[in-house]
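S.K.: Please see the structure below; I have some questions.
The values are calculated or read from the model by the stated rules, or taken from the named source; none is laboratory data. Since the model is a prediction, treat every value here as computed from it, not as a measurement. Here Cβ is always computed from backbone atoms with ideal geometry, including for glycine, and neighbour counts include all displayed protein chains.
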Amino acid sequence: MRVAVLLFLLFLVSLHVHAQETFKCHVKDAPLVKVSEIIRQQTGCTLLYYSQDGPTDVRITVNEKKITIDDFLKKYLGLLPITDYIRDGKLFVIKRKITVSYVASLTKSPSQDNTTVQLKMSEFGNETLPGVVVVPISNGYQYIPKDRATGSFGFIDRALITRTVSTDINSRIENTIPGVLSNHGQSAAGIPIREIPQVRGLSTIYANASPLYVVDNFPYDGDINNINPNDIENITVLRDAAAASIWGVRAGNGVIVINTRKGKLSDSIRTLTPAFSYSSSVTFQARPDVFNISRISSADFIDRERALYDSGYFTSPNITPVTPVVDLLNKVAAGAIDVNTANAMIASMKNQDVYREMQKYFYRGSVNQQHYLQASAATTNAAYYFSAGWDHNLSDVVGSSYDRVTMRLHNVLKISTPLQIETGITFTHNSTKANGNPGFNYQSTHGKVGFYPYAQLADALGNPRAVSLDYSPDYLDATNQLKFPDWTYMPLKDLQARQYINRAHDLLINVGARYTFTRALNLELKYQYETGGANGNDLHNASSYYTRDLINSFIQVDPSNNLSYPIPPGGILDLTTQETISHQGRLQLNFRHNWGRQNNLTAIAGYEIKSLTSTLRYDREYGYDPDNGSFNSSIDNATLYSSYQQFNPTKIPSAPLPAQQVDHFLGYYLNASYTLHNLYTVSASAREDAANLFGVSTNNKTVPLWSGGLAWQINHERFYHIDWLPFLKLRATYGHNGNVSRLASAYTTATYTQGGITTNSYNVGYITGLSNPNLRWEQVGVFNLGLDFTVGKTITGSLEYYHKHATDLIGAAPGDPTLGLIQVPGQPGYYYANSASMNGSGIDLQLEARILEGQSSSNFKWTANFIFSKTVSKVQKYLLNTTTGYSYLDQNAINPHTGQPIYAINSFKWMGLDNVGDPIGYYNGKPSKEWTSIYNNTLIDSMVHNGSSQPTIFGALRNTFEWRHFTASFNISYKLGYYFRRPSISYSDLFNHWTGNADYALRWQQPGDEARTIVPAAGDPTNSIRDRFYLNSSALVEKADHIRLEDIVISYDLEKKDHSWLPFEKIRFYNYLSNLGLLWKANKSGIDPYYINIPKEARRISLGVNINF
Amino acid sequence: MHTRHLLYTILLPTALIAACKKSTFLDAKPDSSITIPTSIADCQALMDNDNVMNGYGAGYPSLGETGSDDYFVNSGFYGQYTLTDQNAVIWAADTYTDPEVNDWDLPYRTVLYSNVALKALGNIHPSADDQDSFNLAQGSAFFFRGFAYFQLAQIFTRPYADGDTDPLGLPLRKTTDINEKFTRSSLDSTYKQIIDDLSASIPLLPNTSSAITRPSKAAAYAMLTRVYLSMRKYPTALLYADSSLQIRNELMDYNTVVPAGALPFTRSNPEVIFGAAMYRTGPCFIGRSFTDSLLLASYQPSDLRRDYFFSRGRFIGVYDEDGYAFCGLATDEIYLTRAECYARTGNINNAMNDLDSLMIKRMSTGTFTPYTATDANDALQQVLQERRKELLYRGLRWTDLRRLNMDASTATTLTRTVAGTIYTLSPNSTRYVYYIPQNVINLNANMQQNPTR
């Protein structure tokens, strides 16, 4: 909404260029728009300017009989926010006065498009610069002219945001802004994840590391994926303290300010005839490649299985599940089956590959559709913007889909000259569906992880087959005899036996009013109400394996073999209800005044308040009948039951307890900047926050978070005469941002469960945290040094260096044992307090080169954008350092160690294989095979510190080519300076979990092999420590560095002005290709670090069309 | 509408928001899943945490038992002990090899839980309907705190003597604040705190409890008698033993005991007044030590305890079904304590009667002969002998040794042979007092360490 007010572009293009050098103008306190029109009519010269306050605000008195543009600008420029002018189809950047510092492509916005201002971008855009617009950057509280900014702002505009195709916003930010890292990896469960953008590395250990998302004016409390990228006008990332400290305690991880598209008042009277645009895209992606998972061949697995069988490893059958081969061998041994028959069956199993079947039955090509319609209209007193979007994604996992509907309506009304009101409503609804598809990483609750390599999911006719997974055939036989319900698992039959659907909605209502007292002073009141919720409905039908397994494992058998069912037959329904309600209010006084020509003071002061309540409730119904909604409410959740013939007393699982979180925030803030002679800018901000997390005693002694900054626009100096460097600006800032951790509380806290160690069924309380009245905000001090420059007419860019020092971080601190903090006997008791600190520094570089500048629309244009970031952050102080090295093996776990990045790879020193194929490590100063001692006793200081498991250097290069109506661009990204641990064969997991690895084929098999392989000889399957040493040794750590071709966009525009037969103003066709794969990788194992041991996603192809009516 | 009116309409709610009371707004409870203990039920749940309050799965100090003479070890068992336990077995000067000392850490956790409950309950004004549950929670908190401090005192302070002005008592935790710093109270204050806590619990607790994990009046009396006995205040100990036995006096007849499983007794057998367990380490790991040979030889063949208490020379007679070393309160202990107090106060008949009441339940049917004593000292010696034979592996022997050593006539020099080396512990040695963990000394500027061992 503010964009309407604050970002105003005036384009007056003379269709009959009749340039005259001079013009006359006699107006008194007239809007600039009027003066511009006078100038345009007389000279054909178009002024470009920005305004923070809309067209009415900029008023001037001009009394000139005959004046040239140049003289006019010299005389009046100090009063006017004019940035450039267009004359004879060329755009002139006004040098050394007010200089353009951000360059972005112009797009035609229908709301700006009115009858008197017929703007055609291409008329000048392609001839000179693609269009130069000074976009004031937004920090969520105010708009700041870029040339007066001292802080570090990363900015992307609509053109760049809509360059790519995706459902979510985070992926649109990726590879566009220096300092913002969107790392890719996989979760512990093997699900590919794109991490939440990290702004300039981590600044916290245990607190939420997500940047603060601000949508328009307020922090967004819903799921950020609710926001339709098509609704976004631009995105600003606040990277340093001067930019972000206005957000106080929530700015420690950087702030991503998202400005949506809004209704904008027009400067000319016009009817409310709407302008429409429509866009639509469909994205196809082939099914993912599960063969990317390293796996042992069925033949190898079976051979190893037989060898172990012969050595007596698979002892007398018990409850442990066995593979069909072992079952057959058992039957042969028992004389139940003939050897030759068994051998023939085993031979055929060697040709089976469960991955082939998983690929076929669990995955499919995905199709994502996106449709978006928007309408807007504006008059001088009222404007609206309406949009509706629909996303329909059929995921590559069979049975999964995602649907989203978004609707927005934004109005701006000028009630009277001083009073303007804005309202906005945004509604999102989405639904996520899934079925019983176990995917490639099926995890049994009973021990085995995944299917054995030759599991057969379907027979030759495609009929579902049962797989042995959780219980031995003998056990199933025994329970079958007792008339237990069917206990077999047929993965393919099970697909339809589960229906999961999660429906979420989010409603955002904004009201804002601004009352203008004088030109310099106005008061704003803003209020936002947000209510979001989600209802998860997870039905495991009576026929599903999940349900049958749970029911059967609780069946009790009495001495006369009668069965009783503690869990009643029927389906199992899990319900999740999540609800979020937030109120945010803000009262803000804005002041801005110009003195003389080039001095300006901008200041804001405000007060804001927020209340956020989120609740989560769970419910579980047993014996659920989907036909009539009935269920069994008499479940005994207290008694311990053992499964038949097993001794594992457990209680019937019940729904988790409900949870509620309440966040209350109060804040006061002040932000001011003064610009002297358009040369020097000084900025300062201070903010004080209070929250209910800390209790009143801490809040009463809060320390304000503050920042200060300086900017020097060197090229405005009189002495400055470097022509090839027409623009040069130096910035320096320092300040503090904050962060909040929920780990610690000012209150004594406890959790409760039912039943303790003894058989009592009392509620049992555990104290989880002690009252700590000294708790404080985490603080991140940031120093930033920036240089903005333009080299000739070709290159613009900025280079920034920053240093961060995060103190008072919430970390585990060893407590005096007398405090009673001990949780686990023998382990130090600890508590969370402001005890840790981190250091970080880095460089961000952004360059834009207009390598070829077409002189007319038919000429070839080539623009390159390059971004580079380097970021290093290390734990500087952490009190609860563990010395044992094995505590630091999980690179995905937060395990802070002084001097290391938070996510780091540490490994055991690798000394190769010996002449019997055993892995050799290093212990007590010499090579050793005492794997247990090595694993348990190697100190962290004696480990190999491989380095960060997150990229430390990253960026992208984007080339854009334009020719006539064609545009093509491609983006190349790079991520460097980090490591990953590649998986390999674990001989203990091979039969304990049935997870194998192709490295099995490379194993040491005979003396001499140690020279060619690092894979140990097949070992004792019970010796897991040997495997754990090998798997965590430095031999398997690889460099993750890689360069990747991210995407290619090709588009073609048709416009009515060229093709009068077109029924609309403009139509754009585009083709977007993404996930195009690696161009280079550092590792020699052929592993794409995005897909280390998970199915590799295929290339995506999007076809789309945008139409403007 | 006038613009001015509209402006006021906008400003009014803002003024209201701004005026809403800041402290109330900022005092809202941030998270329901981490409940701040405030209600009686919350506090009772803390008290019902049998892991923390009764030591099941965690445990009360075991260093006393490890230092006592109930057991001996061969090199096999010794090798299985932790280094700290190995040091305690041989009464080494420095005991701890690990910065964390469970014997200190775990009871202080019990103290914390009690303090949290007491603080929360202090803010509650119960209705008439809630009075009973309020009393149970508050009485339990007092009881557990007294119980835990007593366990600590047996390990980390010297035995109590009348008129002792020893300044090296326990640090007494008063708050729940994480920033609290500690100094040691005097020994006198420590015992006063223990007695005050236990006494405070008496009017609040019900006579008997619904579960052995919950304290009762019987348990509070029984605990007070244990405390006064350790302080050698025999007349007072007698009174409390008597009070306890008036509520709970049942003894199991071992002739009718049907072993429940591998271990003969159940956790809630009729003698248990209050259940608690020591940390399962060293000899308190049941089955990982041999019972002292002389002690084992002292049981008559017709003594059923020989069969129920021991298996292949190892003690299995814990009043617990999961093999935790029992350090709670049971009626047999109270009978023996009362018998001792009778003997020490010259009431030979009553002393012998109490001994008879107990021993008739321990001997096989038909083999029991009533006890007689020639004089008070003879009575005392007999009671002490039976006490030794009845109350094994209950953490009581250490306390008994400490107090009995203060009287030359009942003092004992302990010896133990480990790997061919003979170790001795002379009566009243400073090694009867373990060091306070170095961690605690380091973190508290004014914390004084115990005398050099």
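S.K.: Of all residues being of a type in the set (Gly, Ala, Ser) and within 13 Å of A:His1042 (Cβ to Cβ) in segment A:1058-1109, which is farthest from the chain's Cα centre (by Cα)? Just the residue, please.
M.R.: Filtering first and then ranking leaves A:Ser1085.
S.K.: Determine whether segment A:776-787 contains at least one residue that is in contact with a helix residue (DSSP H, G or I) (Cβ under 7 Å, 6 or more places away or on another chain) and aromatic (Phe, Trp, Tyr).
M.R.: yes
S.K.: Here's a follow-up. Taking the options A:Ala209, A:Ala244, A:Ala159, name whichever one is surrounded by fewer than 19 Cβ atoms within 10 Å (Cβ to Cβ), among the hydrophobic types (A, V, I, L, M, F, W, C) and in contact (Cβ under 8 Å) with a residue 40 or more places away in the chain.
M.R.: Checking each option against the conditions leaves just A:Ala159.
S.K.: What residue, of A:Thr818, A:Thr758, is in contact with a Lys or Arg (Cβ under 8 Å, 6 or more places away or on another chain), within 7 Å of another protein chain (Cβ to nearest Cβ) and either part of a strand (DSSP E or B) or at pLDDT below 85 (or both)?
M.R.: It is A:Thr758.
S.K.: Could you check A:Asp459 against (1) surrounded by 18 or more Cβ atoms within 10 Å (Cβ to Cβ); (2) free of Cβ contacts under 8 Å to residues at least 60 places away in the same chain and say which number it fails?
M.R.: The number of the failed condition is (1).
S.K.: I would also like to ask the following. What residue, among those in segment B:57-81 that are surrounded by fewer than 20 Cβ atoms within 10 Å (Cβ to Cβ) and either at the interface with chain A (Cβ under 9 Å from one of its Cβ atoms) or of a type in the set (Asp, Glu) (or both), is farthest from the chain's Cα centre (by Cα)?
M.R.: By that ranking, first place goes to B:Asp69.
S.K.: Yes or no: B:Leu384 farther than 15 Å from B:Gln300 by Cβ and either in a helix (DSSP H, G or I) or more than 24 Å from the chain's Cα centre (by Cα) (or both)?
M.R.: yes
S.K.: In segment B:255-289, which residues are within 12 Å of chain A (Cβ to nearest Cβ) and part of a loop (DSSP other than H, G, I, E, B)?
M.R.: B:Thr266, B:Arg267, B:Ser268, B:Gly275, B:Ala276, B:Tyr279, B:Arg280, B:Thr281
S.K.: Let me ask something else about it. Cβ contacts < 6 Å: first residue facing another protein chain (nearest Cβ under 9 Å), restricted to segment A:642-671; second residue polar (S, T, N, Q), any location; separation 6+ or different chain. Result?
M.R.: A:Ala659/B:Ser32; A:Ala659/B:Ser33; A:Gln660/A:Thr615; A:Gln660/B:Ser32; A:Gln661/A:Ser614; A:Val662/A:Thr613; A:His664/A:Ser611; A:His664/A:Asn692
S.K.: Residue by residue through segment B:92-151, note down the ones that are facing another protein chain (nearest Cβ under 9 Å), over 19 Å from the mean Cα position of the chain (by Cα) and β-branched (Val, Ile, Thr).
M.R.: B:Val116
S.K.: A follow-up question, please. Please determine whether any residue of segment B:188-197 is away from chain A (no Cβ under 14 Å), surrounded by 24 or more Cβ atoms within 10 Å (Cβ to Cβ), modelled with pLDDT of 95 or more and in contact with a Ser or Thr (Cβ under 7 Å, 6 or more places away or on another chain).
M.R.: No.
S.K.: Kindly indicate the residue of segment B:16-35 that is modelled with pLDDT of 75 or more and outside any strand (DSSP E or B) and also farthest from the other protein chains (Cβ to nearest Cβ) among those meeting that condition.
M.R.: Among those that are modelled with pLDDT of 75 or more and outside any strand (DSSP E or B), it is B:Thr24.
S.K.: Hey, can you tell me all the residues within segment A:821-836 that are in contact with a Gly (Cβ under 9 Å, 6 or more places away or on another chain), free of Cβ contacts under 8 Å to residues at least 12 places away in the same chain and within 8 Å of chain B (Cβ to nearest Cβ)? Show your work before the answer.
M.R.: At the first step, the residues of segment A:821-836 found to be in contact with a Gly (Cβ under 9 Å, 6 or more places away or on another chain) are A:821-823, A:825, A:828-836.
Filter once more, so that each one left must be free of Cβ contacts under 8 Å to residues at least 12 places away in the same chain: A:822-823, A:825.
Listed by number, the residues that qualify are A:Ile822, A:Pro825.
S.K.: Could you tell me whether any residue of segment A:560-569 is in contact (Cβ under 8 Å) with a residue 12 or more places away in the chain, surrounded by fewer than 17 Cβ atoms within 10 Å (Cβ to Cβ) and assigned to a strand (DSSP E or B)?
M.R.: Looking for residues that are in contact (Cβ under 8 Å) with a residue 12 or more places away in the chain, surrounded by fewer than 17 Cβ atoms within 10 Å (Cβ to Cβ) and assigned to a strand (DSSP E or B), one finds at least one in segment A:560-569, hence yes.
S.K.: To continue, here is another question. Checking A:Asp1047 against (1) part of a helix (DSSP H, G or I); (2) under 30 Å from the mean Cα position of the chain (by Cα), only one condition comes out false. Which one?
M.R.: Here A:Asp1047 meets the rest and fails (1).
S.K.: A further question follows. Can you name the residue in segment A:788-815 that is touching a residue at least 60 places away in the same chain (Cβ under 8 Å) and among the polar types (S, T, N, Q) and, of all such residues, is farthest from the other protein chains (Cβ to nearest Cβ)?
M.R.: A:Thr790
S.K.: Okay, moving on. Let me spell it out: the conditions are (1) modelled with pLDDT of 95 or more; (2) assigned to a loop (DSSP other than H, G, I, E, B), and B:Tyr96 meets all of them except one. Which number is the exception?
M.R.: Unmet condition: (1).
One line per residue, one yes/no per condition, for (1) touching a residue at least 40 places away in the same chain (Cβ under 8 Å); (2) in contact with a Cys (Cβ under 8 Å, 6 or more places away or on another chain); (3) within 30 Å of B:Leu172 (Cα to Cα):
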residue	(1), (2), (3)
B:Gly346	no, no, no
B:Arg362	yes, no, no
B:Thr369	no, no, no
B:Ala376	no, no, no
B:Gln382	no, no, no
B:Thr410	no, no, no
B:Arg416	yes, no, no
B:Ile422	no, no, no
B:Gln448	yes, no, yes
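S.K.: Within segment A:544-556, does at least one residue satisfy the condition of being farther than 22 Å from A:Ile501 by Cα and part of a loop (DSSP other than H, G, I, E, B)?
M.R.: For segment A:544-556, residues farther than 22 Å from A:Ile501 by Cα and part of a loop (DSSP other than H, G, I, E, B): present.
S.K.: Touching a strand residue (DSSP E or B) at 6+ places or on another chain (Cβ under 8 Å), among the charged types (D, E, K, R) and closer than 30 Å to A:Tyr1070 by Cα: which single residue out of A:Arg982, A:Arg958 fits that description? Quick ask: steps written out before the conclusion?
M.R.: On the way: A:Arg982 fails: closer than 30 Å to A:Tyr1070 by Cα.
Checking each option against the conditions leaves just A:Arg958.
S.K.: Residues to consider are A:Ser745, A:Ser741; find the one that is part of a loop (DSSP other than H, G, I, E, B), in contact with a strand residue (DSSP E or B) (Cβ under 7 Å, 6 or more places away or on another chain) and either within 9 Å of chain B (Cβ to nearest Cβ) or at pLDDT 85 or above (or both).
M.R.: The conditions single out A:Ser745.
S.K.: Here is a further query. Among the residues of segment B:158-175, count how many are within 14 Å of chain A (Cβ to nearest Cβ) and surrounded by 23 or more Cβ atoms within 10 Å (Cβ to Cβ).
M.R.: Here the count works out to 3.
S.K.: To continue, here is another question. Pick out the one residue from A:Thr883, A:Thr967, A:Thr898, A:Thr960 that is farther than 20 Å from A:Asn183 by Cβ, touching a Leu at 6+ places or on another chain (Cβ under 6 Å) and among the β-branched types (Val, Ile, Thr).
M.R.: Of the residues listed, the single one that is farther than 20 Å from A:Asn183 by Cβ, touching a Leu at 6+ places or on another chain (Cβ under 6 Å) and among the β-branched types (Val, Ile, Thr) is A:Thr883.
S.K.: Could you grab me the full set of residues in segment A:1056-1075 that are buried (at least 17 other Cβ atoms within 10 Å of the Cβ) and either at pLDDT below 90 or outside any strand (DSSP E or B) (or both)?
M.R.: A:Glu1065 - this is the single residue of segment A:1056-1075 that is buried (at least 17 other Cβ atoms within 10 Å of the Cβ) and either at pLDDT below 90 or outside any strand (DSSP E or B) (or both).
S.K.: Among strands (runs of 3 or more DSSP E) lying entirely in segment A:148-254, which contain 3 or more residues that are among the β-branched types (Val, Ile, Thr)?
M.R.: Numbers: elements: A:153-157, A:184-186, A:192-194, A:212-215, A:232-238.
Correct list: A:232-238.
S.K.: Output the number of residues of segment A:873-900 satisfying the condition of being crowded, with 16+ Cβ neighbours inside 10 Å, in contact (Cβ under 8 Å) with a residue 60 or more places away in the chain and within 20 Å of A:Ala1040 (Cβ to Cβ).
M.R.: Counting residues in segment A:873-900 that are crowded, with 16+ Cβ neighbours inside 10 Å, in contact (Cβ under 8 Å) with a residue 60 or more places away in the chain and within 20 Å of A:Ala1040 (Cβ to Cβ) gives 3.
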